[in-house]
Structure formats: structure tokens, C-alpha cells
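I have placed the structure first, in the form of C-alpha cells, so that the comments after it can refer back to it.
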Amino acid sequence: MPLWKIYHPAGTYNAEDKKLLAEKITGLYASIPLPKFYVVVIFEEMARDSCFVGGEPNNNFIRFKVDHIARTLPGPVIREWWIRKIDEIIASHVKERGYDWEVSIDETPFDLWSLQGEIPPPFESVAEKRWVEENRASSSTAAEKLPVRLTLTPGLAER
Amino acid sequence: MPLWKIYHPAGTYNAEDKKLLAEKITGLYASIPLPKFYVVVIFEEMARDSCFVGGEPNNNFIRFKVDHIARTLPGPVIREWWIRKIDEIIASHVKERGYDWEVSIDETPFDLWSLQGEIPPPFESVAEKRWVEENRASSSTAAEKLPVRLTLTPGLAER
Amino acid sequence: MPLWKIYHPAGTYNAEDKKLLAEKITGLYASIPLPKFYVVVIFEEMARDSCFVGGEPNNNFIRFKVDHIARTLPGPVIREWWIRKIDEIIASHVKERGYDWEVSIDETPFDLWSLQGEIPPPFESVAEKRWVEENRASSSTAAEKLPVRLTLTPGLAER
């Protein structure tokens, strides 16, 4: 989580371009924060005349297909902000180079996911915080699966 | 939206075949109507002996994997009709050429989607109608996001 | 259903490795039971330096991306069991060979799916049972769409 598949025409990006774009994408998620190693970016070349937009071959089109697993973006404000944020981040790799592009994100089940054989700890848990720091998967105890800020009676009361 | 990934054995389709199939698929969505440029079709070759069906290599198999974003197909009647319609449309490219094939469609969030940096306008809105006519993404005003047929008190009353 | 996409570095698996892994995966689903031909496994090579984990190129990473269509895994106990079971099954092809890996499963709509032009019969129906036995798609009668164990008044009563 997330998994970014980037379908691009052959020859669009060199190794440096790819690294830079992957770093930008990773930085966005790391700022949430999420463990950096959660972010997987796979670049995939499309063969010439194998991509069609509106029924016409388009050899100038880049399609970003993203799966979110660890987080569901809550509510319309944050969802719109996120999709615009992504567009900012990728602009120098698409718009500013004259490509056409499209981005879509799917949200897939958190509980059907594993990393290095470990089931990732709950959002905002003690173990997730440790994973952020250590930047690798490891087993976690039951106590570590509790939230970092544990509140048994959440509500409107002042804290 | 939609994104069609067509996984096929190497050498299955030439440039003309691909164009014809992409046009047929595009035509189906354009008839809804949807902006034609919403329809993206990507053909992807599978390397020999890299596709298995039932545990056996199948070098004669074509897998259509479709994401719908802009529309959710409402109710069982329309969903079944749609999946049968697709089968009709692709028949001359699969069944009639002796290939095995499978089709599946996922429906992903409308609000986590952007095109050329624009968030697509709502279904059946004035702006969407304009996008259909212009066949390209552009910004839209708040007023254009209203439905083409605006009814503030929908119900059973005669119109 | 299921569709397994296995993204791996070039040269990771030879034909025999692929066959063995596809057979293991197929065996797991066949044990439910499901028709064996429902299980599609596609291996896809990632070009060198085209896969990034945490912003760094990782040419030692294998990403399993699975779509479930025919079945939704019911409840947390079975979902966790399944994701662990998969890890067991793939261990000899990833962990034991020193690769990094990640697995995620999406669950997509049962009613937007067709196989050889046939809409697959309902879960645990007479027709599905026949498909398991015959290991191929065929048309089914209305009566065959009923459950193998038909109970019109399910409840807590002893049977």
C-alpha cells in the first residue's frame, strides 16, 4: 500500500526520472506518516500503438493506476484534496512534458494484505509507529496493536 | 474511465485488430453517452508460458480486466445486460478466432479520479454534456456541475 | 476468478517454477472447491530499475496482486486465515529464495463477470458443482442455479 502502476509509452522516462518520481510519490505518503516501504511504484512500458484513448491510438498518454490499501481517505474534502495533491506532485513528469494523463485510485481491503509474511498493524497503532521508524516489516505484540493515543471513551469531552 | 486492460498472447492482434476492437469498445460507452476520451484501452502481451488457467499453461487465453470509474451499473437487470453486451462486442476478436477468454469489471471510486488535472464533472451534468461534445477535459463552473435536467423535488408526480 | 498477477524481476522464475507455483495456487482454490479453470495466474516481468519500494529501486521484490470475484471471504477469522495460507503456499517461491514480497487481494463484483461468454452460476449451486466436475464453462438451466443444499427456511432448527 499504496501500489502505483504507471503505464507509459516506451522511452518516456530514464532511470533518473523514474527515481525522482518514485521519491516524490513516496514522500507524499511518508508525510502522513506511513512507513516508507509501504509505497511501491512500478513503471510499465506500453508498446507502440497498444494504447487507445477515445478509440484512437495515443502514444503520448500516461495512465496512473493506484491501489490504496492501508488507508481509506475519509470524506469529500480530503478526497478532493488528495487527488489534487497527486496532480501537483506528478505535474513535472506529465503536464510539463506535454503528455496526456489520467489518474485513478482504488481502495482495496486492509485485511487482505500482507508484507513479508506479516499482517500490517492497525492504523495509528504503536506497532505502525515503530514500522515507520524502522522502515521494515516485523512481527508485533498484541499490546503494540493498540492506538498510539488510546482513548476508551472517545467523545466531545475536553481532554 | 473505463480502463480496459487486455492481456493477450504475443502476436494475437495486429495494429488494425487493436484499433477495431478499441473503436467498438469506445462506441459502446459513447452510446451512453460518455465523453469518448474517457475510454482507455491498453493491450498487453503475455510472454509465452506465463499465463496459467486451472494450473495449466494456456497460450490461447485472453483476459479482459476492466475498471469502471464514472458510472456504477445500477441493478441486476442492467448489470447482466451490460456483461452480455460486452461479450457480443468482443466476440469477433475472441470466440470467433478460437480463443478462450474471461471478462471481469471492477467499479472504483468516482471521487478519486482526475483527467488532465481536471476532476471530471458529475454524471449527467451540464459540464459532462459539454465534455461529450468537445471530447476533451476542461475546467467547469459550479453552475455547470448541476444536472442537465434539474429537478429539486424528484418523486412520483407527473411532469 | 481469482486473477493472480505476479510482478517479478526478469529471470526470477523459469517455466517449471511458474508451473509449480500456478499449480499450488490453483490447488488452494480447488480445495474450496471451485472449478479449477476459474484460477488464472499471469506472470509479468518488471524491467530492471522500474520497481521502487520506499522510493528506492528494488530489483528483488515480487508483488502479488490478486482479484477475487467468485467469493467474498466472510469475516475476520477466515480473512486472516486466508492471507496467512497464501503466504505459506508462496513461501518456497519468495521467502525461501531471499526475495522481498507483498500480497494484496481485492474483491470485485460477482455480477460483472463472464467466462467463455457464460455468466458463472451462483456459489454452491448445482451448476457450479457440475462446473467443478467438468472443469469448463457451459450454459446452465434455471433449476441448476439453485443451491446444492436447498433449504427454504434456514434457521437454527435441527436437520
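Every number here is computed from the coordinates shown, using simple stated rules; none is lab data. A quick note: this is a predicted structure, and the numbers were derived from the prediction, not measured. Heads up, the Cβs are rebuilt from the backbone with ideal geometry, glycines too, and the neighbour counts pull from every protein chain shown.
In nanometers and ordered shortest first, the copy-to-copy spacing of the C:Lys85 label point, defined 7 Å from Cα toward Cβ, is 3.7, 3.7. Each of C:Lys5, A:Lys95 has some number of other Cβ atoms within 10 Å of its Cβ, and from fewest to most they run A:Lys95, C:Lys5.
Taking amide H as placed 1.01 Å from N in the peptide plane, B:Ser125 has its amide H under 5 Å from the amide H of B:Val148, each at least 5 places away in sequence or on another chain. Under 5 Å between amide H atoms, partner at least 5 residues away or on a different chain: which partners does B:Trp101 have, H built in plane at 1.01 Å? Close amide H contacts, sequence-distant or interchain: B:Ile62, C:Gln116. With the biggest extent put first, the Cα atoms of the range B:59-139 measure 45, 28, 23 Å across the principal axes.
Distance from the C-onto-B rotation axis is smallest for the Cβ of the chain C residue given, in whole Å, as C:Asp106, 4. Helical runs (DSSP H, four residues minimum) scored at -39500 (n - 2.57) apiece and divided by the length of the protein assembly as shown put the mean residue ellipticity at 222 nm at -8500 deg cm²/dmol. Sorted shortest first, the distances from the A:Gly98 label point to those of the same residue in the other copies are 4.5, 4.5 nm; each point sits 7 Å from Cα along Cα-to-Cβ.
Only counting other Cβ atoms within 10 Å, I'd like C:His8, C:His68 sorted with the fewest neighbours first.
Details: C:His8 23, C:His68 19.
Taking fewest neighbouring Cβ atoms as first place, the list is C:His68, C:His8.
For each of C:Ile69, C:Ile89, count neighbouring Cβ atoms within 10 Å of the residue's Cβ, then give the residues from fewest to most. Present the calculation step by step, with values, prior to reporting the outcome.
Values: C:Ile69 23, C:Ile89 14.
Ascending Cβ contact count within 10 Å gives the list C:Ile89, C:Ile69.
Note on chain C: with a GNM built from Cα contacts shorter than 10 Å, the maximum mean-square fluctuation among C:Pro33, C:Pro121, C:Pro57 falls on C:Pro57. For C:Lys19, list the aspartates and glutamates whose Cα falls under 16 Å from its own Cα; do not include residues on the same chain fewer than 8 positions away. Within the straight-line limit of under 16 Å, C:Lys19 reaches these aspartates and glutamates: B:Asp49, B:Glu56, C:Glu44, C:Glu45. Sorted from nearest, the other copies put their C:Asn135 label points 4.8, 4.8 nm away, the label point being 7 Å from Cα in the direction of Cβ. Against the main long axis of the alpha-carbon atoms of chain A, helix A:75-90 sits at an angle near 50°.
Just checking the listed ones, B:Glu118, B:Glu56, B:Glu44: in the Gaussian network model of chain B with Cα springs under 10 Å, the one fluctuating most is B:Glu56. Cα gyration tensor of the protein assembly as shown, axes a ≥ b ≥ c as square roots of the eigenvalues: rounded (a/c below 1.5), prolate (a/b > b/c) or oblate? The shape class here is rounded. Comparing C:Val39, C:Val53, C:Val148 in a Gaussian network model of chain C where C-alpha atoms under 10 Å apart are linked, the largest mean-square fluctuation is found at C:Val53.
Please compute the alpha carbon radius of gyration of the range C:1-115, then divide it by the globular-protein estimate 2.2 N^0.38 Å. Two decimals is fine. All intermediate terms of the calculation are to be shown ahead of the outcome.
Details: Rg = 14.6 Å, N = 115, 2.2 N^0.38 = 13.4 Å.
Relative to the 2.2 N^0.38 Å estimate, the range C:1-115 comes out at 1.10.
For the range A:31-104 and the range C:97-111, compute the distance between their C-alpha centroids and round to whole Å. Their Cα centres are 20 Å away from one another.
Converting phi to 3J(HN,Hα) with the Karplus coefficients 6.51, -1.76 and 1.60 and the offset θ = phi - 60°, the range C:56-72 yields 10, x, 10, 8, 10, 10, 10, 10, 9, 10, 10, 10, 9, 10, 6, 9, 9 Hz in sequence order, with x at every glycine or proline.
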